[in-house]
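Enquirer: I have a structure here, written as structure tokens, and I will follow up with some questions on it.
The values are calculated or read from the model by the stated rules, or taken from the named source; none is laboratory data. Keep in mind that this is a model prediction, so the values were computed, not measured. All Cβ positions, glycine included, derive from the backbone under ideal geometry; neighbour counts span all protein chains shown.
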Amino acid sequence: MPRNLWDNVDASEFRDDLAQRIYTSRLLGRDQALVLHGGGNTSVKTIGEDVFGHAVEILYVKASGHDLIDIEPEGFAPLRCVPTKQLAELAELQDSKMVNELSSYSLDASAPPASVEAILHAILPFKFVDHTHADAIVTLTNSVDGLLRIRKVFEESALIVPYVMPGFKLSRAVREMITGASLDGRIGMILMNHGVFSWGDTAKESYDRMISLVQMAEDYVKEQPLREASFEPPGQRAELCDIAELRREISRRAGEPVLLRTFDDDRSRRFVSRSDIEAVSQQGPATPDHVIRTKRLPMIGSDVDAYATEYARYFDENSTVGLEMLDPAPRVILDRRIGFAVSGKSSKDLRIVEEIYRHTMDIIENAEDRLGGYRALSANDLFDMEYWDLEQAKLKRAGKPRVFAGEVAMVTGSASGIGKACAKALLARGAAVVGVDISPHEALDEANSPFTADVTDHDQVRRVLDAAVRMHGGLDMLVLSAGIFPPTESLASMSIESWRRTMSLNLDSAFQLLSMAYPFLKQSPRGARVVVIGSKNVAAPGPGAAAYSVSKAALTQLTRVLALEWSGDSIRINTVHPNAVFDTGVWTDEKIAARAASYDMTPEQYRRNNLLGVEITSGDVGELVAEMCGPLFSKVHGAQIAIDGGNERTV
Ligand code: ZN
């Protein structure tokens, strides 16, 4: 149910026209039943001043690629209203020309490109104009006899516009409808198979009307009798390896690695188990601009090749000369064993596709179960949207994908020190990073999922791996950084318990995680990479650290064996030997001072006690580890690389 979120006190802080515009735009953005990621757009017409001090009518219209929920003044393009409006009088206007014209009407050369609906906003003779793709409205327009139902509900209150491709064509069509016609009594317009506009003299009036229009649609849907759907009995659930295999197949057809997120909630399970799932899900999205995120159709089942073949057929049937086919991999997967799943290049992409499709499930079910059936736009109309330059430009604005986009890394010991630095460096290169540490820690960003777990505990490691595969579809990179550096102890005074504690964390846990991760690593689309954090002590042990030195030496030997065993699976494994990394949890200023004193050095000298006389930071190690997972090191395997500023005992 759309809630009217208007609050007089909050609103009073937004004083001028643009500020009021921002306030209600954010209110719209807060309700996902009205607006999903990047969807919807709003505008206000106001009088401003140009550089000569002349009054000029300005249309502030949402810029493409901005979200309403947190929009700022910079999220609006300030266009000269008069020429923008005039564009609708042209008989034809190419898209690229339209974008160019609109940019040239901006009063700010650095403003972002205006929404593709800018002309439509300009020609509507109202100060405030709001546009959403509200679920309830598109449920009605995308149902059997949708137009009749829309007429029944909105005949009196709104203008009803048949589907026209958004952009210039839609602006022109609406201009024809409203020229010479009275809009008295109409509080907005319904765009068939697309969404709804509302308008008003004030931000509040336009917002209130949007809520009313959506409420009318919702009330209508609710009043219709419910026809109970039938469901298939639950079948066998997929294994984790099936998920990793499916991700590999999707990545192959996408031409690059992608993430795959699977869901196991009751709501999506119920949708996937509908007996009519094939019919109801194979029509198209609820509103055309979803097509660039979800593709036209979800994949039913897990036959990726069949899906890609079908996509190629759709492309051939609808494309015109000169178009190049986009990747034919599915974005939404509905499979009885796997459940509902989404794929994409980043955690953000996954979130957007998930959001869109969860709303699509509701829309389809309401249309199917209450309105006689769900009906989407034709394949041809959707194709035109999917391959529309102006829609593809929205995706391109995200920039070139980073080197590890679509890939998944797991880092142990990620709460602090070298592990945290590795997680940061991998995130900066676009990987989704699963962090594991016995200490609770916060996510570094949206692509980071921290887990609190003891890596020596089999069940806890299983739980984290399980979650990682369900969340991202597999595992491409593994960085083993968890370890302890126990206090100095001579062999004579070392207890077997102390020895075992070091072995358990530094060595046994690595063996366990490597063996448990192997089935997923070998499914990595690009070939997996493992980096193990060793130690200078392997080549140059010191007295008083028997357990530590032996554990790291054994760990290094383990990676050498795995380099031999795993090369056939295209898994690269290497060891990094850092030394004297003092910005980690192991070291405090007091400890460094004490150590330095025992060598007759100042702390500063001790920190730089290597051939180059440089300080080694955990950040340096993190960057090296990340690079070792990347293309620069693509032919390095079974190697041991020291990062220690040069050590006279090991060179
Ligand atoms: Zn729209």
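Enquirer: State all residues of the stretch 247-279 that are of a type outside the set (D, E, K, R), in contact (Cβ under 8 Å) with a residue 24 or more places away in the chain and either under 13 Å from residue 364 (Cβ atoms) or buried (at least 22 other Cβ atoms within 10 Å of the Cβ) (or both); if no residue qualifies, say none.
Expert: Selection gives 250, 251, 254, 257, 258, 259, 260, 262, 268, 271, 272, 277.
Enquirer: Right, next: Can you tell me which residue among 455, 464 is within 29 Å of residue 579 (Cα to Cα) and free of Cβ contacts under 8 Å to residues at least 60 places away in the same chain?
Expert: 455
Enquirer: Would you check if there is a residue in the stretch 481-502 being within 29 Å of residue 634 (Cα to Cα) and part of a helix (DSSP H, G or I)? Even if it seems obvious, please write down each step before you answer.
Expert: Step one: filter the stretch 481-502 for residues within 29 Å of residue 634 (Cα to Cα), giving 481-483.
Now restrict to residues that are part of a helix (DSSP H, G or I): none.
For the stretch 481-502, residues within 29 Å of residue 634 (Cα to Cα) and part of a helix (DSSP H, G or I): absent.
Enquirer: Got a sec? Which of 289, 264, 305 is at pLDDT below 95 and over 26 Å from residue 137 (Cβ atoms)?
Expert: 264
Enquirer: Output the residues belonging to the stretch 324-354 that are in contact (Cβ under 8 Å) with a residue 24 or more places away in the chain, assigned to a loop (DSSP other than H, G, I, E, B) and surrounded by fewer than 20 Cβ atoms within 10 Å (Cβ to Cβ).
Expert: Our first condition is that a residue be in contact (Cβ under 8 Å) with a residue 24 or more places away in the chain; within the stretch 324-354, this holds for 326-354.
Then keep just the ones that are assigned to a loop (DSSP other than H, G, I, E, B); that gives 326-331, 336-338, 345-346.
326, 327, 336, 337, listed by residue number.
Enquirer: Same structure, new question: If you take the residues in the stretch 274-309 that are closer than 30 Å to residue 167 by Cα and touching an Asp or Glu at 6+ places or on another chain (Cβ under 6 Å), which one is farthest from the ligand (Cβ to nearest atom)?
Expert: Ranking the candidates gives 280 first.
Enquirer: Same structure, new question: What number goes with the only condition from (1) of a type outside the set (S, T, N, Q); (2) within 16 Å of the ligand (Cβ to nearest atom); (3) modelled with pLDDT under 95 that residue 197 does not pass?
Expert: The one condition residue 197 does not meet is (3).
Enquirer: Would you check which residues across the stretch 509-542 are under 30 Å from the mean Cα position of the chain (by Cα), in a loop (DSSP other than H, G, I, E, B) and not aliphatic (A, V, I, L, M) and list them?
Expert: Answer for the stretch 509-542, where residues must be under 30 Å from the mean Cα position of the chain (by Cα), in a loop (DSSP other than H, G, I, E, B) and not aliphatic (A, V, I, L, M): 522, 523, 524, 525, 526, 527.
Enquirer: Can you work out which of the residues in the stretch 180-194 that are more than 20 Å from residue 286 (Cβ to Cβ) and hydrophobic (A, V, I, L, M, F, W, C) is farthest from the ligand (Cβ to nearest atom)?
Expert: So, considering only residues that are more than 20 Å from residue 286 (Cβ to Cβ) and hydrophobic (A, V, I, L, M, F, W, C), the one farthest from the ligand (Cβ to nearest atom) is 181.
Enquirer: Could you grab me the full set of residues in the stretch 471-503 that are surrounded by 17 or more Cβ atoms within 10 Å (Cβ to Cβ) and hydroxyl-bearing (Ser, Thr, Tyr)?
Expert: 481, 502
Enquirer: Taking residue 182, is it small (Gly, Ala, Ser) and at pLDDT 95 or above?
Expert: no
Enquirer: Let me ask something additional. Among the residues of the stretch 460-470, is there at least one that is buried (at least 17 other Cβ atoms within 10 Å of the Cβ) and in a loop (DSSP other than H, G, I, E, B)?
Expert: The answer is no; no qualifying residue exists.
Enquirer: Can you run down the residue pairs with Cβ atoms below 9 Å, 6 or more apart or on separate chains, where the first is in the stretch 30-44 and closer than 16 Å to residue 363 by Cβ and without any contact (Cβ under 8 Å) to a residue 60 or more places away in the chain and the partner is within 11 Å of the ligand (Cβ to nearest atom) and of a type in the set (A, V, I, L, M)?
Expert: Cβ pairs passing all conditions: 31/134.
Enquirer: How many residues are more than 16 Å from the ligand (Cβ to nearest atom), among the hydroxyl-bearing types (Ser, Thr, Tyr), outside any strand (DSSP E or B) and surrounded by 20 or more Cβ atoms within 10 Å (Cβ to Cβ) when one looks only at the stretch 100-156?
Expert: 1
Enquirer: Additional query: Under 8 Å between Cβ atoms, which residue pairs at least 6 apart in sequence (or on different chains) link something in the stretch 119-132 that is over 24 Å from residue 92 (Cβ atoms) with a partner that is away from the ligand (no atom under 15 Å from the Cβ) and assigned to a loop (DSSP other than H, G, I, E, B)?
Expert: 126/201; 127/201; 127/202; 128/201; 128/202
Enquirer: Shifting gears a bit: Going by the structure shown, is residue 385 away from the ligand (no atom under 16 Å from the Cβ), assigned to a helix (DSSP H, G or I) and within 23 Å of the chain's Cα centre (by Cα)?
Expert: No, not satisfied.
Enquirer: Looking at the stretch 175-183, can you tell me whether even one residue there is without any contact (Cβ under 8 Å) to a residue 24 or more places away in the chain, of a type in the set (Asp, Glu) and outside any helix (DSSP H, G or I)?
Expert: First, the residues of the stretch 175-183 that are without any contact (Cβ under 8 Å) to a residue 24 or more places away in the chain: 176-177, 179-182.
Subset that is of a type in the set (Asp, Glu): 176.
Checking the rest, the ones that are also outside any helix (DSSP H, G or I) come to none.
No: zero hits.
Enquirer: Continuing with this model, one more query. Residues of the stretch 165-179 being among the hydroxyl-bearing types (Ser, Thr, Tyr) and more than 14 Å from the ligand (Cβ to nearest atom), which ones?
Expert: The one that is among the hydroxyl-bearing types (Ser, Thr, Tyr) and more than 14 Å from the ligand (Cβ to nearest atom): 179.
Enquirer: Separate question: Which condition number does residue 312 fail, the rest of (1) of a type outside the set (Phe, Trp, Tyr); (2) in a helix (DSSP H, G or I); (3) within 16 Å of the ligand (Cβ to nearest atom) being met?
Expert: (3)
Enquirer: Check residue 135 against each of (1) modelled with pLDDT under 95; (2) of a type in the set (D, E, K, R); (3) within 19 Å of residue 286 (Cβ to Cβ) and name the one condition it does not meet.
Expert: (1)
Enquirer: While we're here: Can you name the residue in the stretch 543-580 that is aliphatic (A, V, I, L, M) and within 32 Å of the chain's Cα centre (by Cα) and, of all such residues, is nearest to residue 481 (Cα to Cα)? Give the steps one after another, and end with the answer.
Expert: Of all residues in the stretch 543-580, those aliphatic (A, V, I, L, M) come to 545-547, 550, 553-555, 558, 561-564, 571, 573, 576, 580.
In the following step, the residues that additionally are within 32 Å of the chain's Cα centre (by Cα) were identified as 571, 573, 576.
Numbers: 571: 18, 573: 14, 576: 10 Å.
Restricting to residues being aliphatic (A, V, I, L, M) and within 32 Å of the chain's Cα centre (by Cα), the top hit is 576.
Enquirer: What about residue 357, is it at pLDDT 95 or above, among the hydroxyl-bearing types (Ser, Thr, Tyr), assigned to a helix (DSSP H, G or I) and touching a strand residue (DSSP E or B) at 6+ places or on another chain (Cβ under 8 Å)?
Expert: yes
Enquirer: Further question on the same structure: If I filter the stretch 200-221 down to residues being among the charged types (D, E, K, R) and outside any loop (DSSP other than H, G, I, E, B), which single residue comes out as nearest to the ligand (Cβ to nearest atom)?
Expert: Among those residues, the one meeting the criterion is 209.
Enquirer: Also: If you take the residues in the stretch 504-521 that are closer than 30 Å to residue 350 by Cα and among the hydroxyl-bearing types (Ser, Thr, Tyr), which one is surrounded by the most Cβ atoms within 10 Å (Cβ to Cβ)?
Expert: Of everything passing the filter in the stretch 504-521, 518 is surrounded by the most Cβ atoms within 10 Å (Cβ to Cβ).
Enquirer: Within the stretch 369-404, work out how many residues are buried (at least 21 other Cβ atoms within 10 Å of the Cβ) and either in contact with a Phe, Trp or Tyr (Cβ under 6 Å, 6 or more places away or on another chain) or more than 15 Å from residue 326 (Cα to Cα) (or both).
Expert: So the answer is 5.
Enquirer: State whether one or more residues within the stretch 234-241 are part of a helix (DSSP H, G or I), away from the ligand (no atom under 16 Å from the Cβ), of a type outside the set (Phe, Trp, Tyr) and free of Cβ contacts under 8 Å to residues at least 24 places away in the same chain. Lay out the reasoning, then the answer.
Expert: Here is the first cut: in the stretch 234-241, the ones part of a helix (DSSP H, G or I) are 240-241.
Cutting the leftovers down to away from the ligand (no atom under 16 Å from the Cβ) gives us 240-241.
Those left that are additionally of a type outside the set (Phe, Trp, Tyr): 240-241.
Next, from what is left, pick out any that are free of Cβ contacts under 8 Å to residues at least 24 places away in the same chain: none.
No, that holds for no residue.
Enquirer: In the stretch 45-75, what count of residues is obtained for those that are touching a residue at least 60 places away in the same chain (Cβ under 8 Å) and either over 24 Å from residue 194 (Cβ atoms) or hydrophobic (A, V, I, L, M, F, W, C) (or both)?
Expert: Summing the residues that are touching a residue at least 60 places away in the same chain (Cβ under 8 Å) and either over 24 Å from residue 194 (Cβ atoms) or hydrophobic (A, V, I, L, M, F, W, C) (or both) in the stretch 45-75 gives 3.
Enquirer: Going through the stretch 261-302 one residue at a time, which ones are among the polar types (S, T, N, Q) and part of a loop (DSSP other than H, G, I, E, B)?
Expert: 273, 275, 282, 283, 287, 302
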